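Heads up, the thing below is written out as structure tokens.
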Amino acid sequence: MRMPPMGTDAISVMEDFRRYFGHTLGWDKFALSGYPVYSCLAHTLRDRLIERWRHTQRAYDEADGKQAYYLSLEFLMGRAMGNAMLNLDMQQETAEAMRGFGVRLEDVQEQESDAGLGNGGLGRLAACFLDSCATLQLPVTGYGLRYEYGMFRQRIEGGRQVEDPDHWLRNGNPWEVERPELAVRVKFGGRTEHYTGKSGRTHTRWVDSQDVMAVPYDMPIPGYRNGTVNTLRLWKSTATEEFNLEEFNAGSYTEAVAAKNAAEHITMVLYPNDASENGKELRLRQQYFLASASLQDVINRWVAKHGEDFSQFAAKNAFQLNDTHPTCAVACLMRLLLDDYHLEWDEAWHITQETMAYTNHTLLPEALEKWSVAMFGRLLPRLLEIIYEINARFLEQVSLRWPGDVERVRRMSIIEEGGQPQVRMAYLAVVASHSVNGVAALHSQLLQQYLFRDFYEMWPRKFNNKTNGVTPRRWLAWSNPELSALIDASIGEAWRTNLAELQNLRKFADDKAFRAQWRKIKQDNKQRLAAMVQRDCGVAFDPQAMFDVQVKRIHEYKRQLLNVLHVIHLYDRIKRGDTADWTPRCVLIGGKAAPGYDMAKRIIRLVNAVAEVINQDADTKGLLQLVFLPDYRVSAMEVICPAAELSEQISTAGKEASGTGNMKFMMNGALTIGTLDGANIEIREEAGEKNFFLFGLTADQVEATRGHYDPAAIMAADEDLRRVIGLLQSHHFNLFEPGLFDPIVQSLLNPHDPWLTLADFRAYVEAQNQVAAAYRDQENWTRMSIINTATSGKFSSDRTIMDYNREVWGLAAVKPHEE
Ligand code: 26Q
């Protein structure tokens, strides 16, 4: 069907909006506010996306080139409306149209709830990657789960984190399109049996299974002003039709309803842990459900187009595993090729290895996924058989290469033997993939040195690095419109799709008038953040003070505690009257704690307790403020990162795989105080060491310190630290609940503290003193700020995706054509 292209001008927007308002959605004029307006505008914009979506998918189909699939249990998309307007280049027109109805566009956008289908870095990385793939016009599809409940909403009550369910779909989701006709069936439980096929060959089939349906919901992923719209396909679980019928006919009404319930449970809720909480059966169900549905979807399309000839499959398909979470995909693909299409093992294995690639996001041992063989076998009997076969063939290779080295074979086995044998998902991913990467240079190197040492020895060429990046569209163009306009006026607009162009800003660092404009914009952004802090914390931040920010998941390795110790030290200095040449600071800490992570929750209580004492003490006035900002999420970061002046990236060296918040802050002109960890190292390389506040042990020093770490000796040598710990021990911040923070103090003083927090205290305080001194010279600070933005080009996710594409996927870009 031929259709004229839809207008993107204000008049067209108004017409469509009016039509949606009056007819389709059936609201009357008294409702010209709030959610109805949002919904109608969303539909109006969505129509423009869907048109481009059709053209893009048609072009991909006709090009018949290789396609890639990004498999991830998390996509932390945030809001879609602003992104749609930005990428369609319809911001001005839409704002004008809304003004025509007497509505403020900003208010409309506030109606959208974040799509919070992720925990943190790994989920947001997936979202940035989709934006870059669409912008680079690469045929990449995201596959994930459509959780009914995303990341919980965080409230603070009496200083404590309270979790509220995030029922983000309550009002419907205008950004998704249900595709019931593409539903697939996913098997659970049952058993396997062998049978002889027509050709006389023996095959295996998975029988007596309890099946669940996977229904896809597609979300459009627009590229930046290029006509491309890619797809994020999210699966929802539902009960199978005939299973229902059978049960109902047998008269077991309640059993049928219960079965339906169990099926729908699978995609009910996102697990809110960004590490650990291993071994939960529902989590394995989720992982397998995603893998199975996505692979069937790809294979169904393949067979529809090419028949059962898989000889070109590996040349035309690539799967990227976002950590081990979707690693069942390896066994799912093998099963489909072996059992459903009767390929020989070697051919199926070749295809699997050629198509699978694995990205690791953590070295923390508690985050490495293992599944009990017993549970795995009960839930996924056929997959376990396949994994055993993969392992047997793999271990044979190991013993051929290292004859007699039984210890090595034991170490490298995908199955960890013992009382309760376990499937090691990371090893399965490494064995089955042709590419294994870490997410920053240091992290990739540590993977080769420690976690995957044996595997690196066996297959050095499999291992590579892909330093993370973030999309400059959302994290600069959208979040910081004023700064973007200044950059456009100075160096043109090309930076939006070629971030290296920001280099051209360097020369403006020495331009006094430019610096004044730069400062003015930061000031405006600080006002905006101050308003949010006022609304959400009831604290009036002084916009003249330095904005010092640490937002990320709460975890001991990220060392929010080190930040708090420094704040307490500043407070102590104020109380002692040691305030000569003081640099006023507003410290903001935000982030969610996994609901079962006791220490993280206690750290939140500490931040709030310290904040309460500091903010109400008259002596700190104009010198120091501290808040814990509740419900840190994507849309909050859009306000926070343009306003930050100091970015806290203070993890124990070797523990933060990359970090990506650090990149958003840098792009927006914040200076970093950080350890030599993750991408901080590369940020410092790009910015230059003079424009980065470095402190702390290196990853090597951290490892060398273990075993003879002596916090008592550090205390003995440091009067400031003794005073800070003394304040904590004397219950200065918890007079009404003595003992509350004792576990925190104990962990800091423990010689086995894995995070070596006190080891870095002195160096951190000294680096903070340098920060304070540097801030007093506003001209030079602004210079450094400009240089940070100017040198942030490397940290565009466009660069990361070009690296993946060049070295792992090998896709050709495809331009959509008009009908
Ligand atoms: C595992 C088992 C059971 C339930 C949940 C999980 C789980 C879920 C999410 C484990 C880990 C995650 C997320 C990890 C994560 O976000 N890692 C971060 O990834 C970023 C992108 O590469 C890096 O920048 C960060 O350094 C890394 O911490």
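Just the residues that are surrounded by fewer than 23 Cβ atoms within 10 Å (Cβ to Cβ), more than 8 Å from the ligand (Cβ to nearest atom) and within 21 Å of Leu321 (Cα to Cα), please, taken from the range 107-125.
none
What are the residues in the range 642-663 that are in contact (Cβ under 8 Å) with a residue 40 or more places away in the chain, within 16 Å of Met784 (Cα to Cα) and within 13 Å of the ligand (Cβ to nearest atom), if any?
Met663
Taking only the range 188-218 into account, find how many residues are polar (S, T, N, Q) and either out of contact with any strand residue (DSSP E or B) (no Cβ under 7 Å at 6 or more places or on another chain) or farther than 22 Å from Cys328 by Cβ (or both). Quick ask: steps written out before the conclusion?
Narrowing the range 188-218 to residues polar (S, T, N, Q): 192, 196, 199, 202, 204, 209-210.
Right, trim to either out of contact with any strand residue (DSSP E or B) (no Cβ under 7 Å at 6 or more places or on another chain) or farther than 22 Å from Cys328 by Cβ (or both) and you get 196, 199, 202.
Matching residues across the range 188-218 total 3.
When you go through (1) more than 20 Å from the chain's Cα centre (by Cα); (2) in contact (Cβ under 8 Å) with a residue 40 or more places away in the chain; (3) within 16 Å of the ligand (Cβ to nearest atom) one by one for Asn322, which number turns out not to apply?
(1)
Got a number for residues in the range 482-524 being over 21 Å from Ala644 (Cα atoms), surrounded by fewer than 19 Cβ atoms within 10 Å (Cβ to Cβ) and of a type in the set (A, V, I, L, M, F, W, C)?
Total satisfying the criteria: 5.
Does the range 432-449 hold any residues that are within 16 Å of the ligand (Cβ to nearest atom) and either touching a residue at least 60 places away in the same chain (Cβ under 8 Å) or of a type in the set (A, V, I, L, M, F, W, C) (or both), and which are they?
Start the filter on the range 432-449 by keeping residues that are within 16 Å of the ligand (Cβ to nearest atom), which leaves 435-447.
Of everything in the range 432-449, those that are within 16 Å of the ligand (Cβ to nearest atom) and either touching a residue at least 60 places away in the same chain (Cβ under 8 Å) or of a type in the set (A, V, I, L, M, F, W, C) (or both) turn out to be Ser435, Val436, Asn437, Gly438, Val439, Ala440, Ala441, Leu442, His443, Leu446, Leu447.
For the range 568-584, give me each residue that is touching a strand residue (DSSP E or B) at 6+ places or on another chain (Cβ under 8 Å) and surrounded by fewer than 23 Cβ atoms within 10 Å (Cβ to Cβ). I'd like the intermediate steps shown before the answer.
First pass over the range 568-584, keeping only residues touching a strand residue (DSSP E or B) at 6+ places or on another chain (Cβ under 8 Å): 570-571, 574, 583-584.
Of everything in the range 568-584, those that are touching a strand residue (DSSP E or B) at 6+ places or on another chain (Cβ under 8 Å) and surrounded by fewer than 23 Cβ atoms within 10 Å (Cβ to Cβ) turn out to be Ile574, Thr583, Pro584.
What is the number of the single condition among (1) on the phi > 0 side of the Ramachandran plot; (2) without any contact (Cβ under 8 Å) to a residue 60 or more places away in the chain that His194 does not meet?
(1)
Could you count how many residues in the range 264-289 are within 13 Å of the ligand (Cβ to nearest atom) and closer than 17 Å to Cys332 by Cα? Outline the logic, then answer.
Our first condition is that a residue be within 13 Å of the ligand (Cβ to nearest atom); within the range 264-289, this holds for 269-287.
Subset that is closer than 17 Å to Cys332 by Cα: 283-287.
Summing the residues that are within 13 Å of the ligand (Cβ to nearest atom) and closer than 17 Å to Cys332 by Cα in the range 264-289 gives 5.
Search the range 219-238 for residues that are in contact (Cβ under 8 Å) with a residue 12 or more places away in the chain and pair each with any residue that is surrounded by 22 or more Cβ atoms within 10 Å (Cβ to Cβ) and part of a loop (DSSP other than H, G, I, E, B) when their beta-carbon atoms are under 6 Å apart and the residues are at least 6 apart or on different chains.
Every condition considered, the pairs that remain are Met219/Trp175; Leu234/Arg146; Lys236/Arg146; Lys236/Thr267; Ser237/Ile266; Ser237/Thr267.
Quick one: how many residues across the range 664-678 are within 13 Å of the ligand (Cβ to nearest atom) and either in a loop (DSSP other than H, G, I, E, B) or acidic (Asp, Glu) (or both)?
Total satisfying the criteria: 3.
Report yes if Leu290 is modelled with pLDDT of 95 or more and either in a helix (DSSP H, G or I) or surrounded by fewer than 24 Cβ atoms within 10 Å (Cβ to Cβ) (or both), otherwise no. Break it down into steps so the answer makes sense when it comes.
On the way: modelled with pLDDT of 95 or more: yes; either in a helix (DSSP H, G or I) or surrounded by fewer than 24 Cβ atoms within 10 Å (Cβ to Cβ) (or both): yes.
Against the criterion (modelled with pLDDT of 95 or more and either in a helix (DSSP H, G or I) or surrounded by fewer than 24 Cβ atoms within 10 Å (Cβ to Cβ) (or both)), Leu290 qualifies.
Out of (1) closer than 30 Å to Thr135 by Cα; (2) touching a residue at least 12 places away in the same chain (Cβ under 8 Å); (3) surrounded by fewer than 17 Cβ atoms within 10 Å (Cβ to Cβ), the odd one out for Arg378 is which?
Condition (1) is where Arg378 drops out.
The values are calculated or read from the model by the stated rules, or taken from the named source; none is laboratory data. Just so it is clear, the model here is predicted, and its values are computed rather than measured. No Cβ is skipped: glycine too gets one built from the backbone with ideal geometry, and neighbour counts run over all protein chains shown.
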